[in-house]
Amino acid sequence: MRHGAREVRRQLHESGATGLVAVLLVAVATTWGGALWLVRGWVADTLLARGRPANVVAAVRSAEAAAMVCNALTGSFPDVRCSASRPEDTKEELARWFPELSGVLLGLDAASFPSLLHAEVPMAEAARVSGWLRARGEVTLVENSRDWQGRLEKALSSVLLIGFTLTVALLAGCGVVVLLVVRLLVLEHSDEIAIMRLIGAREREIRLPYLACGALLGLVGGALGVALLFAISFVLKSHGIPVRGVTPLATVVPLLGATVGALGATLGLASLPEEP
Amino acid sequence: MILLENVTKSYRTRPALRGISAFVERGEFVFLTGPSGAGKSTLLRLLYRAEVPDSGRIVVSGHDLAAMRRRDVPFFRRRLGVVFQDFKLLRRRTVGENITFVLSLLNLPDKEQERRAYLALRHMGLQHRLSAYPEELSGGEQQRVATARALVQQPDLILADEPTGNLDPERSHELLELFKTINYQGTTVLVATHDRSLIEAHPARTLVLEKGQIVQDGWALGD
């Protein structure tokens, strides 16, 4: 054990600048992957929040028609909460949304604006309620927050897929760097390894320090990645972005780094021929 | 301790050993001599199982080397002390680390490793070179470090391949005296050398190899 620890320290020391590059690469890859995971959590919790009711907004020809449709809607769907607004309300709301156009908007005739119907619908019923409204002749336009969320989710999924693919590619790159570090060490030490065998070192005693060195490079890189993630999470939270905690990642990321390092080292050790 | 039965070894088509048979008893001191290319180093390499014979049987300390499983070879080598002709020191490690390396494989405590390494180096008059790297040492000093490494684990059998090749006559005789002392304590010693004057000064059983065959086995060297 003592022998192994001493040999691992020696290999870590000898890995030098290339070892440091491997550590930094693992840190970058894991921070990137972890940051994406945080963003994904934030999107799921805040933007996509599927537990919340969906909002359905419909434009109706007149205020009276809007009130009538609202009554009919709550009659058909008892779980739905519905309210109707007059064209004046629509005009004022649009003016609030677009303050730079408020002068123009407020100067227009209220009859130019539709009455709006707002419905709070359980998420599961959003599609049915939208369909029900579209089938009504008085309703001219129906928009449903579930559809927007769906579109947003689809777009974010694509972005996250690309991001996570990049993470995997970066981690594979880290594995290759560790592989090269170990291969270089093994090549540099090939004469010493032959001597160690001659004086009684077992294959395990020769190979394990290199393997442990690769795994440790990955582990340190992963730990550094977690530290960076804590910093990122702190900055985001201090800017009011409610990201999930980093704690669950604190174990997974260093282990992932260590696994990548160990895999790279194993492949690097393949260049070390066994004693004939 | 060592049994050789009709051992042959060839490199491609060039025969290095041709049907060698010999027996060395436990506690014996034996010289192996002969001209360059006679097969001395090949025979030693077979004895520490760096190579396997093409045919024949080699038994060392009760282990049949041809039948030995690969995973048992390191344990077998730990019971040997080998002094290599080209020293085979670990050049990235200090003299002290070169010696403690073999002891660390035995999982001895650090203090014990350091104590034994110091004593072995003191035996060789090199205790003041503990922190030096092999490249900072002369050929003779490297040879003595290699010898200290071979002796430090108190082996059952010492195999020395031209151990005096880089030493001046005085140091050579001192080293031979050291081997004799260790031999008196019960360790079997096999020294390969082409230095006839050394054999004459330290008479012992001598195996003479020529063209891969033992041509003489006895206490007196023929002309």
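The values are calculated or read from the model by the stated rules, or taken from the named source; none is laboratory data. The shown structure was predicted, so the numbers you read here are calculated from the model rather than taken from an experiment. When we count neighbours, we look across all protein chains shown, and the Cβ atoms used for this are built from the backbone with ideal geometry, even at glycine.
The figures follow:
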{"quantity": "Set B:L159, B:L106, B:L121: member being surrounded by fewer than 22 Cβ atoms within 10 Å (Cβ to Cβ) and not basic (K, R)", "calculated": "B:L106"}
{"quantity": "Lone qualifier among A:E88, A:E93 - being touching a helix residue (DSSP H, G or I) at 6+ places or on another chain (Cβ under 6 Å), surrounded by fewer than 16 Cβ atoms within 10 Å (Cβ to Cβ) and farther than 30 Å from A:R244 by Cβ", "calculated": "A:E88"}
{"quantity": "First in the stretch A:110-123 and part of a helix (DSSP H, G or I), second anywhere and at pLDDT 85 or above, Cβ under 6 Å, 6 or more apart", "calculated": "A:A110/A:P87; A:A110/A:E88; A:A110/A:K91; A:M123/A:A54"}
{"quantity": "Odd one out for A:E192, checked against (1) crowded, with 22+ Cβ neighbours inside 10 Å; (2) within 14 Å of chain B (Cβ to nearest Cβ)", "calculated": "(1)"}
{"quantity": "Given (1) under 16 Å from B:A150 (Cβ atoms); (2) crowded, with 16+ Cβ neighbours inside 10 Å; (3) in contact with a Lys or Arg (Cβ under 9 Å, 6 or more places away or on another chain); (4) without any contact (Cβ under 8 Å) to a residue 60 or more places away in the chain, number of the condition B:G56 does not satisfy", "calculated": "(1)"}
{"quantity": "Flag if B:A146 is more than 18 Å from B:F84 (Cβ to Cβ) and surrounded by 22 or more Cβ atoms within 10 Å (Cβ to Cβ)", "calculated": "no"}
{"quantity": "Boolean, B:S41 is surrounded by fewer than 16 Cβ atoms within 10 Å (Cβ to Cβ) and either touching a strand residue (DSSP E or B) at 6+ places or on another chain (Cβ under 6 Å) or of a type in the set (S, T, N, Q) (or both)", "calculated": "no"}
{"quantity": "Candidates A:W42, A:W32 - the one that is surrounded by 19 or more Cβ atoms within 10 Å (Cβ to Cβ), farther than 28 Å from A:R202 by Cα, under 36 Å from the mean Cα position of the chain (by Cα) and more than 14 Å from every other protein chain (Cβ to nearest Cβ)", "calculated": "A:W32"}
{"quantity": "Any hit, the stretch B:63-77, residues being within 13 Å of the chain's Cα centre (by Cα), within 13 Å of chain A (Cβ to nearest Cβ) and touching a residue at least 12 places away in the same chain (Cβ under 8 Å)", "calculated": "yes"}
{"quantity": "Condition met for A:L236 (modelled with pLDDT of 90 or more, in a helix (DSSP H, G or I) and more than 14 Å from chain B (Cβ to nearest Cβ))", "calculated": "no"}
{"quantity": "Number of the condition not met by A:R96 [criteria: (1) among the basic types (K, R); (2) touching a Phe, Trp or Tyr at 6+ places or on another chain (Cβ under 8 Å); (3) at pLDDT 90 or above]", "calculated": "(2)"}
{"quantity": "Verdict on A:A212 being part of a helix (DSSP H, G or I), away from chain B (no Cβ under 14 Å) and within 30 Å of the chain's Cα centre (by Cα)", "calculated": "no"}
{"quantity": "Criterion violated by B:L32 - all others in (1) closer than 29 Å to B:P203 by Cβ; (2) within 9 Å of chain A (Cβ to nearest Cβ); (3) in contact with a helix residue (DSSP H, G or I) (Cβ under 6 Å, 6 or more places away or on another chain) satisfied", "calculated": "(2)"}
{"quantity": "Among residues of the stretch B:79-103, those that are facing chain A (nearest Cβ under 9 Å), outside any helix (DSSP H, G or I) and surrounded by 17 or more Cβ atoms within 10 Å (Cβ to Cβ), counted", "calculated": "6"}
{"quantity": "Residue, surrounded by the most Cβ atoms within 10 Å (Cβ to Cβ), within the stretch B:124-137, restricted to residues that are in contact (Cβ under 8 Å) with a residue 24 or more places away in the chain and not in a helix (DSSP H, G or I)", "calculated": "B:M124"}
{"quantity": "Residue among A:V159, A:V182 that alone is in a helix (DSSP H, G or I) and buried (at least 18 other Cβ atoms within 10 Å of the Cβ)", "calculated": "A:V182"}
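Quick grid of which residues meet (1) of a type outside the set (A, V, I, L, M); (2) assigned to a helix (DSSP H, G or I):
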{"residue": "B:R122", "(1), (2)": "yes, yes"}
{"residue": "B:T147", "(1), (2)": "yes, yes"}
{"residue": "B:G165", "(1), (2)": "yes, no"}
{"residue": "B:R171", "(1), (2)": "yes, yes"}
{"residue": "B:I182", "(1), (2)": "no, yes"}
{"residue": "B:L190", "(1), (2)": "no, no"}
